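*Asks:* Sharing a structure with you now.
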Amino acid sequence: MVIEFILKVIAISSSGALAPGPLSAATAALGTKHGWKGGFMVSSGHLAVELPLVIVIAFFISSSGQIEEIMRPLALIGGIFLLLFGYLTLKSASEIGVVSVREQRFSPFLTGVALSAFNPFFIAWWAGVGSALISEALLIFGTLGIAILYASHIWIDFAFLSILAYFTSFKGLTVRAYKFLLVFLGTFVLFFGLDYLFFSLTGLHLPELMKKL
């Protein structure tokens, strides 16, 4: 159960972490000056915004005292977001090209804070997909589930952004390989989106249905 949940979090989180966006673009630019440490500090700034947000969402969900009752509505919202996010991930894979960067003088940590706190898609992701994952974590593991969820999620940001900064805008990762990775992750996210929608309607996850067939 723990491994299955961790793998789900990793698959869903990876699509967000690896998708081209302001944070990854800024990290690539900062890498020209700071190397991998720039990516690490951007991730630290991102964590400074994200962790409190996760704790607040978890608090409101757990304090409702009706985790099981709100699971299906949250799964519906999360499923819609995942389908949209999966589509955007696949769209990004078809559009990504050569990325050019310039040397930046901004603080990597403050860049991570600003591009997270003022990113509406980041907030929307946690309000939609993240809330569904948080409620599932609380239902299965209790309060410990938040630690399991976040540990399974945040290392991806640190790993990817540090590597991205080190290779300075995909110089160590070919565009073709990056596109393939996005297609792979986008497909996974679409599956989980369908799974969440199915759960919101039936109370069952798709793997559970497959076992019964």
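Just so you know, all these numbers are worked out from the coordinates, no wet-lab data involved. Because the structure is predicted, anything quoted here is derived from the model rather than measured. Quick reminder, even Gly has a Cβ in these numbers, built from the backbone with ideal geometry, and neighbours come from all protein chains shown.
*Asks:* Which pairs in the list 33/91; 91/211; 8/91; 91/212 are over 27 Å apart, alpha-carbon to alpha-carbon? Mind dumping the intermediate values first?
*Replies:* On the way: 33/91 30 Å; 91/211 32 Å; 8/91 22 Å; 91/212 34 Å.
Beyond 27 Å: 33/91; 91/211; 91/212.
*Asks:* So how do 142-155, 76-89 stack up, highest first, on mean other-Cβ count within 10 Å? Display every interim value, and only then the final one.
*Replies:* Details: 142-155: 16.6, 76-89: 20.9.
Sorting 142-155, 76-89 by mean packing, highest first, produces 76-89, 142-155.
*Asks:* Continuing with the same structure: Can you tell me which lysines have their Cα less than 26 Å from the Cα of residue 37? Leave out same-chain residues fewer than eight positions away.
*Replies:* Those lysines meeting the cut-off are 171, 179.
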